[in-house]
1. Using just the C-alpha positions of the stretch 169-235 as equal point scatterers, what log10 of I(q)/I(0) does the Debye formula give at each q in 0.14, 0.15, 0.17 1/Å?
2. Run the accessible area of the chain with a 1.4 Å probe and give the carbon-and-sulfur part as a rounded percent.
3. Mind checking which lysines have their C-alpha under 22 Å from Lys196, skipping anything on the same chain fewer than 8 residues away?
4. For a quick check of your reading of the filter: which trypsin sites (Lys or Arg not before Pro) in the stretch 1-59 sit in a DSSP loop and have no more than 16 other Cβ atoms within 10 Å?
5. With contacts defined as alpha carbon pairs under 8 Å and 6 or more residues apart, what's the relative contact order of the stretch 1-121 in percent?
6. Compute the accessible area per residue over the chain, keeping the other protein chains in place, probe 1.4 Å, unit Å².
7. Using only Cα atoms, figure out Rg for the stretch 32-157 and give it as a multiple of 2.2 N^0.38 Å.
8. Suppose every Lys and Arg Cβ carries +1 and every Asp and Glu Cβ carries -1, with no other charges. What dipole size does the stretch 1-155 come out with about its Cα centre, to the nearest 20 debye?
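The values are calculated or read from the model by the stated rules, or taken from the named source; none is laboratory data. Since this is a predicted model, take the numbers as computed values, not measurements. Here Cβ is always computed from backbone atoms with ideal geometry, including for glycine, and neighbour counts include all displayed protein chains. Protein only, heavy atoms only, side chains kept; ligands, DNA and RNA dropped before computing areas. Shrake-Rupley method; radii C 1.70, N 1.55, O 1.52, S 1.80 Å.
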Amino acid sequence: VDMSGAPAIVALTAGGRALAGKLRDALPGSTIHGLRRRVSDADAPFDDTMAHLAELFAAGTPIVGICAAGILIRALAPLLVDKRSEPPVIALAEDGSAVVPLLGGNELARRIADTLGIDAALTTAGDAVFGLALDDPPPGWTVANPPVAKAVMAARLAGEPVRLAVSAGDAGWLTPGAPGWAERADYSILVTDNAKPGDATTLVLHPPTLALGIGCERDTDPARRTGAVLRCRDA
């Protein structure tokens, strides 16, 4: 799932609406969702907070909730199934003092934190120690075999050697704050734009090096465009 989609900024109060307005320019394509009885001038007003959050989550929309983390947790906990297919969920304090990625979304949390001039409260081990998460790469990057990310990151955290091989793209985000990479190791990371599946000890990351131009009519359904590309690929 592409976690870089435009988020819904959910405000429950007038103060939350003011903060949402500051964030909208920093998050291109984002929309402000406001509780109707308390928030005016929202792009998408709603009446039932819990139901609206559940609807956004089920639709795969990244959520930035300007509210208590507990509200988001109670609304979405019954819907959690697979973190690799679910949208990120961010909790943001109404006074802009704290931003916490509750479900993925570390990069989104960093963007919000930079806009507000604060630090994101990143609790994943990789982010806390090295400032990166292998299963949550920068926008445009994709992970070919996400389950292997946990094992590779565990090896890094344990101080075990891990090999890094880069055949395409700029993998500079993998280096800051992290210890050096080994020439030989049981675990490895391969950065490539080739279709490689990886294996139980090799994590494959695909950088955003390829672009495809498609001629089509305005407002063509994205599913039709994707289907056309896949048919050409498999022809």
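1. Each listed q corresponds, in turn, to -0.66, -0.71, -0.81.
2. Details: 6720 of 12790 Å².
In the chain, the share of accessible area belonging to carbon and sulfur is 53 percent.
3. Within the straight-line limit of under 22 Å, Lys196 reaches these lysines: Lys150.
4. Numbers: sites: Arg17, Lys22, Arg24, Arg36, Arg37, Arg38; in loops: Arg36, Arg37, Arg38.
Taking the stretch 1-59 and a limit of 16 other Cβ atoms within 10 Å, the loop trypsin sites (Lys or Arg not before Pro) found are Arg36, Arg37, Arg38.
5. On the way: 235 pairs, mean separation 28.2, N = 121.
Relative contact order for the stretch 1-121 comes out at 23 percent.
6. Numbers: 12790 Å² over 235 residues.
Accessible area per residue, the chain: 54 Å².
7. On the way: Rg = 15.5 Å, N = 126, 2.2 N^0.38 = 13.8 Å.
Rg over 2.2 N^0.38 Å, computed on Cα atoms: 1.12.
8. Details: 12 positive and 17 negative charges, 36 e Å.
My answer is approximately 180 debye.
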